[in-house]
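One structure is given below, encoded as structure tokens.
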Amino acid sequence: MTDSPNGNVAVNISADGIATIGFYHPAQNSLPAHLLQALTEKINEAGTNPAVKVIVLQSAGERTFCAGASFDELLQIKDKQAGAVFFSGFANVINACRKSPKIIIARIQGKAVGGGVGLAAGADYCLATEAASIKLSELAIGIGPFVISPAVIRKIGLPAFSQLTIRAIDFQSAQWAMQKGLFNEVYGDIKQLDEALGILTRKLASYHPEALKGLKQILWEGTEDWDQLLTNRAAISGELVLSEFTQQALNAFLKK
């Protein structure tokens, strides 16, 4: 999965119905538009595949789960419409997770930044390592975490979201993320994480599919307006990314 300079998304479905959707990008598993689209498509496909009992969302490598939006691609946005389309990619992934009839387990093996935190919040259950610190850096570059905020607030609440957003340059620990409700379980290393992940997903795959589907509906009650809500939020970010402040902040970051 790690041999493509443009990144990729790969899917593996085990004999017992566990669909593992893995993504990779050489820039710390950041997410350009084509990977966001591919993730949305693969999540939707797994959700409608009768052979799939449970979905695992994971990334390649050991250090970073997801660095969020591709800064290179953000700098290429030249108008509001293109900006809204790009940020809608994150909205589409979160909504695909929300509407999937299958339980989605996120494997967070390393740091999650910006949209990576949104991916974790879009899952139904998160297993992480101690190395999986999190940060919402959007405010520092002038765009704000508007698209992912409904998903993150749903998991950790408004006070913790405020801290995570306002402390835009500071990482919070995996233990903090578990205490606030984003992570459900935290393990010492990747080996322990994968052992626990295997046990949990095999157990889930053995449960009644209709019971799991019913649980999924309960978990996401009250989010029926998110198709429009997240699209509206994407338009806000799409306009802000054009500002001189954000363009300078992105260029300064890439020069580091």
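The values are calculated or read from the model by the stated rules, or taken from the named source; none is laboratory data. A quick note: this is a predicted structure, and the numbers were derived from the prediction, not measured. A quick note on method: Cβ atoms are made from the backbone with ideal geometry, for glycine too, and the neighbour counts reach across all protein chains shown. Just so you know, the surface numbers come from the protein's heavy atoms only, side chains and all, with ligands and any DNA or RNA stripped out. Shrake-Rupley method; radii C 1.70, N 1.55, O 1.52, S 1.80 Å.
Of all residues in the range 139-149, those being in contact (Cβ under 8 Å) with a residue 40 or more places away in the chain and crowded, with 24+ Cβ neighbours inside 10 Å number 3. When the range 78-94 is filtered for residues that are touching a helix residue (DSSP H, G or I) at 6+ places or on another chain (Cβ under 7 Å) and farther than 20 Å from LEU136 by Cα, only LYS80 remains. Looking at GLU244, GLU221, GLU185, just one residue is within 20 Å of ILE141 (Cα to Cα) and among the charged types (D, E, K, R), and that residue is GLU244. Just checking, does the range 190-199 include any residue being over 16 Å from ALA106 (Cβ atoms), within 21 Å of the chain's Cα centre (by Cα) and at pLDDT 95 or above? No. Criterion first (assigned to a strand (DSSP E or B), open to solvent by 10 Å² or more (accessible area, probe 1.4 Å) and farther than 23 Å from LYS191 by Cβ) does VAL11 satisfy it? Considered against the rule, which asks whether it is assigned to a strand (DSSP E or B), open to solvent by 10 Å² or more (accessible area, probe 1.4 Å) and farther than 23 Å from LYS191 by Cβ, VAL11 comes out as yes. Which pairs turn up if I take residues in the range 150-175 that are within 19 Å of LEU127 (Cα to Cα) and look for partners that are open to solvent by 60 Å² or more (accessible area, probe 1.4 Å) and not in a helix (DSSP H, G or I) with beta carbon separation below 6 Å, at least 6 apart in sequence or on another chain? Partner pairs satisfying both residue conditions: ALA174/GLU130. Among the residues of the range 110-122, those identified as buried (at least 24 other Cβ atoms within 10 Å of the Cβ) and either of a type in the set (Lys, Arg) or not in a strand (DSSP E or B) (or both) are GLY114, GLY115, GLY116, VAL117, GLY118, LEU119, ALA120, ALA121, GLY122. When the residues of the range 214-245 are filtered to those that are in a helix (DSSP H, G or I) and over 22 Å from PRO150 (Cβ atoms), the one that is least open to solvent (accessible area, probe 1.4 Å) is GLY214. Taken together, the criteria place ALA27 among residues that are of a type in the set (A, V, I, L, M), open to solvent by less than 70 Å² (accessible area, probe 1.4 Å), within 24 Å of ALA234 (Cα to Cα) and part of a loop (DSSP other than H, G, I, E, B).
Considered as a group, the residues in the range 34-69 that are open to solvent by 10 Å² or more (accessible area, probe 1.4 Å) and of a type in the set (Ser, Thr, Tyr) include one that is farthest from ALA91 (Cα to Cα), and that residue is THR64. Considered as a group, the residues in the range 1-20 that are at pLDDT 95 or above and hydrophobic (A, V, I, L, M, F, W, C) include one that is nearest to SER206 (Cα to Cα), and that residue is ILE18.
Residue by residue through the range 123-164, note down the ones that are aromatic (Phe, Trp, Tyr) and assigned to a helix (DSSP H, G or I). PHE161 - this is the single residue of the range 123-164 that is aromatic (Phe, Trp, Tyr) and assigned to a helix (DSSP H, G or I).
Would you check if VAL56 is touching a Lys or Arg at 6+ places or on another chain (Cβ under 8 Å) and either under 27 Å from LEU139 (Cβ atoms) or in a loop (DSSP other than H, G, I, E, B) (or both)? Considered against the rule, which asks whether it is touching a Lys or Arg at 6+ places or on another chain (Cβ under 8 Å) and either under 27 Å from LEU139 (Cβ atoms) or in a loop (DSSP other than H, G, I, E, B) (or both), VAL56 comes out as no.
If you scan the range 63-77, which residues turn out to be out of contact with any helix residue (DSSP H, G or I) (no Cβ under 6 Å at 6 or more places or on another chain), touching a residue at least 60 places away in the same chain (Cβ under 8 Å) and assigned to a loop (DSSP other than H, G, I, E, B)? Correct list: ARG63 only.
Of all residue pairs spaced 6 or more apart or on separate chains, those with beta-carbon atoms under 6 Å, a first member in the range 38-58 that is closer than 20 Å to TYR125 by Cβ and a second member that is open to solvent by 40 Å² or more (accessible area, probe 1.4 Å) and among the β-branched types (Val, Ile, Thr) are LYS42/VAL11. Among the numbered conditions (1) part of a helix (DSSP H, G or I); (2) more than 26 Å from ASN92 (Cβ to Cβ); (3) open to solvent by 40 Å² or more (accessible area, probe 1.4 Å), the only one that ALA196 does not meet is (3).
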